[in-house]
Each structure stands twice: as structure tokens, then as C-alpha cells.
1. Taking the stretch 202-250, which residues are in contact with a helix residue (DSSP H, G or I) (Cβ under 9 Å, 6 or more places away or on another chain) and of a type in the set (V, I, T)?
2. Take the residues in the stretch 186-207 that are touching a strand residue (DSSP E or B) at 6+ places or on another chain (Cβ under 7 Å) and within 13 Å of the ligand (Cβ to nearest atom), then tell me which one is farthest from D227 (Cα to Cα).
3. Determine whether A148 is within 22 Å of L194 (Cα to Cα) and surrounded by fewer than 22 Cβ atoms within 10 Å (Cβ to Cβ).
4. Being more than 28 Å from S68 (Cβ to Cβ) and either free of Cβ contacts under 8 Å to residues at least 60 places away in the same chain or of a type in the set (S, T, Y) (or both) is true for just one of E162, E186, E202, E155. Which residue is that?
5. Using the structure shown, decide if T93 is surrounded by 23 or more Cβ atoms within 10 Å (Cβ to Cβ), over 23 Å from I69 (Cβ atoms), more than 16 Å from the ligand (Cβ to nearest atom) and among the β-branched types (V, I, T).
6. Exactly one condition in (1) touching a Leu at 6+ places or on another chain (Cβ under 8 Å); (2) buried (at least 21 other Cβ atoms within 10 Å of the Cβ); (3) under 22 Å from Q154 (Cβ atoms) is not met by I69; state its number.
7. Please determine, by comparing only the residues of the stretch 96-122 that are within 16 Å of the ligand (Cβ to nearest atom) and among the aliphatic types (A, V, I, L, M), which one is farthest from T213 (Cα to Cα).
Amino acid sequence: MGAVSVETIQSVKHYTDRLFAFRVSRPQSFRFRSGEFVMLGLKVDGKPLLRAYSVASPSWDEELEFFSIKVPNGPLTSRLQHIQPGDEILLGTKAVGTLVLDALLPGKRLYLLSTGTGIAPFASIIRDPDTYERYEQVILTHTCREVAELAYGQELVAAVREDPLVGEFVGDKLVYYPSVTREPFERQGRITKLMDDGVIYEELAVPALNPETDRVMICGSMDMLEDCKARCEQAGLTEGSNARPAEFVIEKAFVG
Ligand code: A2P
């Protein structure tokens, strides 16, 4: 399982009856790269119950932020959704993952494709000044079933643009591209459909996905990963890793 430390909940914010975010004290020794995940959880019946959670905060932040789904019968989230400031939480000491800038070759445009809580690692990446030093344009897509589920991302993007530290790096490089699939919204449909129909490229006035210029990170459900991966491969992009950087990387968003 690896080593864990006992940390303290600093704040909790509920977005919908399915989604909430919380902030946790950060041990001084805890280092991570933007986009990585860590094991996190609670002691249940005297035993640690841990799941992989992407760190949503940037590496310069004094606290650690996480964005979670609430699953009514989920072993961990059915309990975690009731946490309050001051409560204890277990945090793994080592962060890992493939949704990191170092797993991609240099490029011009970075696509961050997310659904649901899959936005969490990208919440870290879009708050990292390094992202804007490496790319001319950063396109964050977030697709949810319902409009209310976009709120975390909407707040995040607004805050990043205003941030005294990161704001000047962001400039006009960050493009936020939300869509909703099960309710009326200004943009509807799955990201895969918006790509297949060329809608995203038209709306953003960018060329279609191209291995010469474009890099992609993908985070969502298993099906979403498969379908987005297929679009990347069709466009000629190859999958990268920490050991062998390439043109796109994927990671499953935490569920349950
Ligand atoms: P849809 O409403 O059409 O299923 P989930 O909560 O199931 O992970 O879904 C989050 C969002 O991801 C929803 O908007 C959902 O659309 C979308 N989605 C689900 N499966 C895929 C997929 N295979 N490719 C792209 N988007 C998907």
C-alpha cells in the first residue's frame, strides 16, 4: 500500500449532490508534478481505505485540493462526502501518474480533454506556469451530463485568469470549452462527437488534430478514454509515458 500520513481537512465545498471538492493540509515533504495522483482515504473499521485521487491544486499551493464524485454506496465516497474541516484524512506520501507535461513531446497546442471528475488533474495543470511556458495555446474541454456539474471548472478557470501569480502566464493562452450532454446548454454533445463533426475546430478556429503541433491529455471514464484515444490515433498521434514521451497521454478518472 505504501506509506501514508495523517492530514487535516481545511475546507469542503459541495457543488451538486454528486460532486464536491475539499482541501487538505500538505506535508512539507509532499512533492508532486502537476497532473499526478496520490492515494487518499479514511480509516474504516480501523483499516485504511484508500483510492487514487488526482491532485487538483498546483504544486506551488500550500494545501492540496481534490475534486470527488459522491457514490451513494461507494465504499470510500459514501463516507468521504461527509468530511468536515478539522477531520483527519489519510494521504499517501508518493504521487505518480502519466498526465504530466514531461510525458509529452514539445508542441504548440495542448488539449486537456475531460469528463466529470476527470477535470481534476487539469485543474492542477492549468494553474502551473510551466504549462504556459511550454505551449502557445491550452484548450481545456470539460463535458458533463448536467450544467450544474460544470461549476467547479467554471470557477476554476475564472480564478486562474485572475490569479496574481499565474494570471500573467495564462494571458489569452487558456481556452475553456465546456459541453453538456443531458440538458440544454450553449454547447451540447460529447467531446468525441464535437471532434468528429469538426465543431470544436471550427469554433476555436484551429486546424484539426495534428501530430506535428498538437499534444493531448485525456481523463475520464474507461469508455471515454478509449474513444478519445481512438481519435488521437486516427489523427496520427502516439501514446506517451514518463519513460517515453510522445503525443498523447491518458488516465482513468477516479470513480466510486
Ligand atoms: P453522456 O451523457 O452522453 O453519457 P459519466 O458521468 O458517465 O462519466 O459521463 C460524464 C460525461 O462524459 C457525460 O457528459 C457523458 O455523456 C460523457 N461520456 C460518457 N461516455 C463517453 C465516451 N465514451 N466518450 C465521450 N464522452 C463520454
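Every read-out reported here was derived from the displayed coordinates using simple, explicitly stated rules and does not represent laboratory data. None of these values were measured; they are calculated from a predicted model. Because the Cβ atoms are built from the backbone with ideal geometry, glycine has one as well, and the counts that use them run over all protein chains shown.
1. Answer for the stretch 202-250, where residues must be in contact with a helix residue (DSSP H, G or I) (Cβ under 9 Å, 6 or more places away or on another chain) and of a type in the set (V, I, T): V206, V216, I218, T238, V249, I250.
2. Ranking the qualifying residues of the stretch 186-207, first place goes to R187.
3. The answer is yes for A148.
4. E202 is the lone residue from the list that is more than 28 Å from S68 (Cβ to Cβ) and either free of Cβ contacts under 8 Å to residues at least 60 places away in the same chain or of a type in the set (S, T, Y) (or both).
5. no
6. If we test I69 against (1) touching a Leu at 6+ places or on another chain (Cβ under 8 Å); (2) buried (at least 21 other Cβ atoms within 10 Å of the Cβ); (3) under 22 Å from Q154 (Cβ atoms), just (2) comes out false.
7. A120
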